[in-house]
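> Provided herewith is a single structure, encoded as structure tokens, for subsequent inquiry.
The values are calculated or read from the model by the stated rules, or taken from the named source; none is laboratory data. Computed from a predicted model, the values in this text were never measured in an experiment. No Cβ is skipped: glycine too gets one built from the backbone with ideal geometry, and neighbour counts run over all protein chains shown.
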Amino acid sequence: MIEVHATAKHMLGMPPTEFLRDYWQKKPLLIRNAFPGFESPLQPEDLAGLACEDGVLARIVAHDPKKDSWMLRHGPFPEDMFPSMPHHDWTLLVQDVDKWDADVGALLERFDFLPRWRIDDVMVSFAAPGGSVGAHVDQYDVFLLQAQGRRRWQIDDRPNPPVHFRLDVELKLLQRFEPTHDWVLEPGDMLYLPPGVPHHGVAEDACLTFSVGMRAPAAAELLGDFVDTLASEADESLRFADPELEPAKDAFEIDAAAMERVVEGLNKLRMNDPERLGEWFGRFITTYRTALRPGGREPGDGRSRIEIEWDLQQGAYLQRDPWTRMAWQRAGRGARLYVSGESHALPLADARHIANAECLDGGDYAKLSITGRDLVQDLLQRGHYALEFPEDAAR
């Protein structure tokens, strides 16, 4: 099946284990009514306002159907621009809306059958009637949730579809696109696409679409970062050596013995050490693609640790910054907690609890070991948490 209906029990129309077994990175799936009665937590004017802010990753894609020409423009945009935009054939796309809007970020809880560190962001797009970004292909998994209005999606799910790109546009658009499926999605419908599936979405009327995209680093990116890490941490005394060198038969030949010594030299960097590989990957995968951190309340509001712990006992809580990525990994009898590219040794229970909690209240904090509390206090002072108070509590 390529089209299913969600049920009250299963958002995907099936248990997550079945979806992961049969569809994940294998074939597309349209889920009708995945979010029944869905009401968008964001309005088009909210998205336009966000696209005008400094530091927000926003784009506008416009299409001239008569000339088949495309225009790409990057934000931030002037506030007076949107009222003058045409009534058709353009799209506004804003990345990382889950970081800027807590209600949008809350949607990610519905995707907890996936590792959170695999989820990149929620991109939100507004399209005027006829608006599109053209036929294209992504190299990562994506869930396309229709939030408002209707959008027509066409896909080509044939094996080895043509993926040659046009050379006359700035966007990576397909030269040829031959759809095998054609659907109109209503609010609450969701389309899952694995990597490499050509697709084309066109707004039937003014609409909002939420794109939950996965993080899928290219092999070259993984290799480059890992090698850079090994090189930066390498001991200068680790060098190519040939203490048992024999007289050369040909002074200009790189012989087999020399290549064996090259391999020995590289192995000194412990490239195949699972522990070191895991340490690097934990730091790598929790590092966000930009260093952007939104402003806000000063970390801890200048309170001392004693005051903060008293506040937590009285109902305050620590809210994790939405730009802070966390993951954890077992390490011997304990664990490593990775926080935005940093690595911290913790008891396993602490690492698991801190990583899984978007906010820590007094009870959560009390369950942590001294080491765990020390780390949380340090993360608070460095902006990874904000001290929040219930609305009805006296400051």
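> Tally time: how many residues in the range 17-29 are part of a loop (DSSP other than H, G, I, E, B) and closer than 12 Å to residue 190 by Cβ?
Step one: filter the range 17-29 for residues part of a loop (DSSP other than H, G, I, E, B), giving 23-28.
From what is left, the residues that are closer than 12 Å to residue 190 by Cβ are 28.
Of the residues in that region, 1 qualify.
Let's see how each residue does on (1) surrounded by fewer than 19 Cβ atoms within 10 Å (Cβ to Cβ); (2) out of contact with any strand residue (DSSP E or B) (no Cβ under 6 Å at 6 or more places or on another chain); (3) assigned to a loop (DSSP other than H, G, I, E, B):
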residue: 31; (1), (2), (3): no, no, no
residue: 38; (1), (2), (3): no, yes, yes
residue: 41; (1), (2), (3): yes, yes, yes
residue: 66; (1), (2), (3): yes, yes, yes
residue: 71; (1), (2), (3): yes, no, no
residue: 99; (1), (2), (3): no, yes, no
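> Still on this structure: Can you pull out the residues in the range 316-330 that are over 25 Å from the mean Cα position of the chain (by Cα) and among the hydrophobic types (A, V, I, L, M, F, W, C)? Please lay out each step first, then the result.
Step one: list which residues in the range 316-330 are over 25 Å from the mean Cα position of the chain (by Cα), which gives 316-317.
Answer for the range 316-330, where residues must be over 25 Å from the mean Cα position of the chain (by Cα) and among the hydrophobic types (A, V, I, L, M, F, W, C): just 316.
> Search the range 350-379 for residues that are outside any helix (DSSP H, G or I) and pair each with any residue that is of a type in the set (Asp, Glu) when their beta-carbon atoms are under 6 Å apart and the residues are at least 6 apart or on different chains.
357/364; 368/350; 369/350
> For the subset of the range 234-255 comprising residues that are closer than 29 Å to residue 276 by Cα and exposed (fewer than 11 other Cβ atoms within 10 Å of the Cβ), which member is farthest from the chain's Cα centre (by Cα)?
Start the filter on the range 234-255 by keeping residues that are closer than 29 Å to residue 276 by Cα, which leaves 234-243.
Restricting the remaining residues to those that are exposed (fewer than 11 other Cβ atoms within 10 Å of the Cβ) gives 235-237, 239, 243.
On the way: 235: 34, 236: 36, 237: 39, 239: 38, 243: 49 Å.
If we take residues in the range 234-255 being closer than 29 Å to residue 276 by Cα and exposed (fewer than 11 other Cβ atoms within 10 Å of the Cβ), then 243 is farthest from the chain's Cα centre (by Cα).
Let's see how each residue does on (1) assigned to a loop (DSSP other than H, G, I, E, B); (2) surrounded by fewer than 18 Cβ atoms within 10 Å (Cβ to Cβ):
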site: 117; (1), (2): no, yes
site: 126; (1), (2): no, no
site: 144; (1), (2): no, no
site: 154; (1), (2): no, yes
site: 163; (1), (2): yes, yes
site: 184; (1), (2): no, yes
site: 200; (1), (2): no, no
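> Is at least one residue of the range 322-334 over 29 Å from residue 97 (Cβ atoms), touching a helix residue (DSSP H, G or I) at 6+ places or on another chain (Cβ under 7 Å) and either β-branched (Val, Ile, Thr) or surrounded by 19 or more Cβ atoms within 10 Å (Cβ to Cβ) (or both)?
Looking through the range 322-334, none of the residues is over 29 Å from residue 97 (Cβ atoms), touching a helix residue (DSSP H, G or I) at 6+ places or on another chain (Cβ under 7 Å) and either β-branched (Val, Ile, Thr) or surrounded by 19 or more Cβ atoms within 10 Å (Cβ to Cβ) (or both).
> Select, from 96, 156, the only residue that is of a type in the set (D, E, K, R), under 21 Å from the mean Cα position of the chain (by Cα) and modelled with pLDDT of 95 or more. Walk me through it before giving the result.
Details: 156 fails: under 21 Å from the mean Cα position of the chain (by Cα).
Result: 96 is the single residue among 96, 156 that is of a type in the set (D, E, K, R), under 21 Å from the mean Cα position of the chain (by Cα) and modelled with pLDDT of 95 or more.
> Let me ask you something else. Restricting attention to the range 235-284, report how many residues are more than 30 Å from residue 339 (Cβ to Cβ) and part of a helix (DSSP H, G or I).
Of the residues in that region, 12 qualify.
> Residue by residue through the range 47-61, note down the ones that are more than 21 Å from the chain's Cα centre (by Cα), touching a residue at least 40 places away in the same chain (Cβ under 8 Å) and either more than 23 Å from residue 202 (Cβ to Cβ) or in a strand (DSSP E or B) (or both).
61, the sole residue that qualifies.
> Got at least one residue in the range 207-221 being modelled with pLDDT under 95, part of a loop (DSSP other than H, G, I, E, B) and more than 25 Å from residue 102 (Cα to Cα)?
Yes, that holds for at least one residue.
> Give me the pairs: first residue in the range 1-19 and on the phi < 0 side of the Ramachandran plot, second residue of a type in the set (S, T, N, Q), beta-carbon distance under 8 Å, and six or more apart or on different chains, which are they?
5/33; 6/33
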